[in-house]
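Chemist: Sharing a structure below in C-alpha cells format, with a few things to ask.
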Amino acid sequence: MADERDTSRKSRRRWGLWRVLAAVLLLAVAAVLVACWHWRYEFHRRIEAIRAAGFPVTLKELDAWYPWPETGQNAAQWVLGANDGCIKLDPEDEQGLRRLIRFAGDRVAPTEPVPDELMTLLERHIRNNSQALEMLHRVTIRAEGRYPVDLSQTPTRLDHLESVRDHCLLLSLEAVWHAQRGDPNAMIAAVEAVLGIAGSLDAEPMIGSRMAKTWALVWAAGALERALCQAEFTAPQLERLRSAFLTMYESDSLARALMGHRCVLLPVFEAPAALDERFWGRLPPRALLEAYGTLGLAAREGSVFLDYMAQCIRIAGLPVWQRLPAIRAAENRYLPPRKKTLLLAKTGLMSRHVLLDTQAMTWLALTTTALMVESGRIVEGRLPETLGRFTLRDPFDGEPLRYRRTDRGFLVYSVGEDGRDQGGEEAVPGPTERTGAMLDMVFRVERPVAPQENAGRP
C-alpha cells in the first residue's frame with residue numbers, strides 16, 4: 001500500500017510539473033504573439049500617422065507627390081532635349097577639364113591661367129556642344145521641373161540624373177571658357193543655367209536628386225571662383241550672380257528628399273522576403289527573412305527606422321551648422337551596431353548625405369560672401385578690412401565666415417568638417433573631391449596684379 005501511495009504522489013507531481021511547464025510554454029507563446037502584434041501595430045500606426053500628415057508611405061503615393069509644373073513650363077524638357085546634341089568627353093579628358101572647377105585635389109588653381117592643352121580641349125568641347133548648350137540656356141532660374149520618372153516602380157530608376165550631371169558640368173565649363181575669353185555676360189548666363197537645372201530637381205523627392213543638385217552647385221561655384229580671378233565684373237553683374245546663387249537657399253529639398261527616402265525604404269520592413277538581391281545586395285536566406293517578417297521582428301526594426309527618419313527630417317529644418325552633430329547624435333541613439341540588425345544595415349546612414357549637403361551649403365555661403373566683398377570693392381574702391389555687413393555664418397560651426405586680405409585680393413573660408421581654423425590653408429593633395437578630406441574650405445579671389453583701389457568706379 002505504501003508503494004502504491006508513493007507511486008501515486010510521484011505521478012501527481014509529474015503531472016503537476018508538466019502542467020506548470022505547459023502553462024509557462026503557453027504564456028511564453030502568448031507573450032511572443034502579443035509582442036509580434038504590438039510590433040506590427042506600432043509600425044503601422046506610425047505609417048498611418050505619416051499618411052495622415054500628408055506625406056507618402058507607398059511608392060504610388062510617392063509618384064503622385066512629385067507634381068507636374070502648374071505653369072505648364074517644364075525645365076525637364078529642355079534638359080533631356082539637349083541629350084541628342086550632347087557630345088560627351090572621354091573619361092580622361094573629362095577629368096582633365098574638371099581640374100578647372102575643382103576646389104580640392106589635383107586642380108588648376110583659379111589664379112593660374114588655363115594650360116594651353118586644356119584650353120584647346122575646352123574650346124573644342126564647347127564648340128562641339130553648341131546645339132546642346134543652346135537648348136540648355138532656355139532653363140531659367142526658379143524653373144519648375146518634373147522629370148519623366150515613375151517613382152512607383154521598384155527599383156526606382158533615375159537615369160535622368162546622368163543627363164543632369166553631364167549638362168551641369170558642360171555649362172560650368174562653358175562659364176570658364178567665357179570668363180577666359182573676357183565675356184562676363186555669357187559667363188553669367190552659363191552659371192544661371194547651371195543653377196536653373198539644379199533647381200529643377202527641387203521637387204524630386206529622392207536623395208540621389210538632392211546629391212546631384214549639390215554637385216551642380218559646387219561646380220558652378222568653382223567656375224565662378226576662376227572667373228573672379230581671371231576677369232573683371234561690374235557691380236550689376238556681380239549682383240546678378242549673387243541673386244542667382246541666393247535662389248539656392250529657397251528650397252527645402254533636403255527634407256523632401258529624406259521623406260522620399262523614407263518612403264522608398266519602407267518595403268524593406270513591410271515585406272523583407274520580397275527584397276531583390278540585384279538591388280539590395282547580399283541578403284540572408286529567404287526563409288529567414290520570411291520568419292523575420294512573420295514574427296514581427298521586421299516591423300520592430302521598421303519602427304526604429306521611422307523614428308530615426310523622423311529625427312532626420314526634423315534636423316533638416318535646423319540651422320545648417322546644427323545639423324551634422326544632431327544627426328550623428330540621432331544615429332547613436334536610434335541605430336544599434338550594424339552587426340546586431342538584419343534590415344537596418346540595408347538603409348544606410350543619413351549623416352553622410354547631411355555632410356555632403358553641409359559642404360554644398362558652405363560653398364554657397366562662401367560664394368555669395370565673395371560676391372558681396374567683390375561688389376563692395378568695386379563700389380567703394382577698396383577691399384573691406386573685415387566682412388562686417390557681408391558676414392554670413394559658417395555652416396560648419398555657426399561662427400562668422402573667416403575673411404583675410406592678401407597681396408593680390410582676398411579669401412573667405414570655412415573651418416570645414418573638423419571645425420578647426422587653419423587660417424585659410426586649403427585642401428591636402430589627393431582625391432578629396434568626393435570625400436571632403438580638407439583643411440579649410442577656401443574661396444579665393446586673387447589676380448595677377450593687386451586690385452586697384454579705384455577699380456570699377458565710373
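The values are calculated or read from the model by the stated rules, or taken from the named source; none is laboratory data. All figures in this text were calculated on a predicted structure; none of them were measured in a lab. Heads up, the Cβs are rebuilt from the backbone with ideal geometry, glycines too, and the neighbour counts pull from every protein chain shown.
For (1) hydrophobic (A, V, I, L, M, F, W, C); (2) at pLDDT 90 or above; (3) under 30 Å from Y403 (Cβ atoms), each residue gets a yes or a no:
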{"position": "R282", "(1), (2), (3)": "no, no, no"}
{"position": "I315", "(1), (2), (3)": "yes, yes, yes"}
{"position": "T341", "(1), (2), (3)": "no, no, no"}
{"position": "T358", "(1), (2), (3)": "no, yes, yes"}
{"position": "T368", "(1), (2), (3)": "no, yes, yes"}
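Chemist: Still on this structure: Confirm whether P115 is surrounded by 13 or more Cβ atoms within 10 Å (Cβ to Cβ), modelled with pLDDT of 90 or more and over 30 Å from the mean Cα position of the chain (by Cα). Break it down into steps so the answer makes sense when it comes.
Modeler: Numbers: surrounded by 13 or more Cβ atoms within 10 Å (Cβ to Cβ): yes; modelled with pLDDT of 90 or more: yes; over 30 Å from the mean Cα position of the chain (by Cα): yes.
Against the criterion (surrounded by 13 or more Cβ atoms within 10 Å (Cβ to Cβ), modelled with pLDDT of 90 or more and over 30 Å from the mean Cα position of the chain (by Cα)), P115 qualifies.
Chemist: Same structure again: Considering only the range 262-297, how many residues are touching a residue at least 24 places away in the same chain (Cβ under 8 Å) and small (G, A, S)?
Modeler: 2
Chemist: Now for a separate question. Give me a count of the residues in the range 56-92 that are in contact (Cβ under 8 Å) with a residue 60 or more places away in the chain, more than 15 Å from P148 (Cβ to Cβ) and not hydrophobic (A, V, I, L, M, F, W, C).
Modeler: 8
Chemist: Let me ask something additional. Answer yes or no as to whether V164 is closer than 30 Å to V268 by Cβ and surrounded by 15 or more Cβ atoms within 10 Å (Cβ to Cβ).
Modeler: Details: closer than 30 Å to V268 by Cβ: yes; surrounded by 15 or more Cβ atoms within 10 Å (Cβ to Cβ): yes.
Judged against the criteria, V164 is a match.
Chemist: Here is a follow-up. Mind counting the residues in the range 70-108 that are under 16 Å from A143 (Cβ atoms) and at pLDDT 90 or above? I'd like the intermediate steps shown before the answer.
Modeler: Pass one, the range 70-108, residues under 16 Å from A143 (Cβ atoms): 70-82.
Applying the additional criterion that residues be at pLDDT 90 or above yields 74-82.
So the answer is 9.
Chemist: If you take the residues in the range 400-458 that are surrounded by fewer than 17 Cβ atoms within 10 Å (Cβ to Cβ) and of a type in the set (A, V, I, L, M), which one is modelled with the highest pLDDT?
Modeler: Once the filter is applied, the top-ranked residue is V449.
Chemist: Within the bounds of the range 279-296, is there any residue that is crowded, with 17+ Cβ neighbours inside 10 Å and among the basic types (K, R)?
Modeler: Scanning the range 279-296, I find no residue that is crowded, with 17+ Cβ neighbours inside 10 Å and among the basic types (K, R), so the answer is no.
Chemist: Taking the condition more than 22 Å from the chain's Cα centre (by Cα), of a type in the set (A, V, I, L, M) and either on the phi > 0 side of the Ramachandran plot or at pLDDT 95 or above (or both), does L238 pass?
Modeler: Numbers: more than 22 Å from the chain's Cα centre (by Cα): yes; of a type in the set (A, V, I, L, M): yes; either on the phi > 0 side of the Ramachandran plot or at pLDDT 95 or above (or both): yes.
Spelling it out, L238 is indeed more than 22 Å from the chain's Cα centre (by Cα), of a type in the set (A, V, I, L, M) and either on the phi > 0 side of the Ramachandran plot or at pLDDT 95 or above (or both).
Chemist: If the requirement is being surrounded by 13 or more Cβ atoms within 10 Å (Cβ to Cβ), closer than 30 Å to R262 by Cβ and touching a helix residue (DSSP H, G or I) at 6+ places or on another chain (Cβ under 8 Å), which of these qualifies: H38, H44? I'd like the intermediate steps shown before the answer.
Modeler: Details: H38 fails: touching a helix residue (DSSP H, G or I) at 6+ places or on another chain (Cβ under 8 Å).
Of the residues listed, the single one that is surrounded by 13 or more Cβ atoms within 10 Å (Cβ to Cβ), closer than 30 Å to R262 by Cβ and touching a helix residue (DSSP H, G or I) at 6+ places or on another chain (Cβ under 8 Å) is H44.
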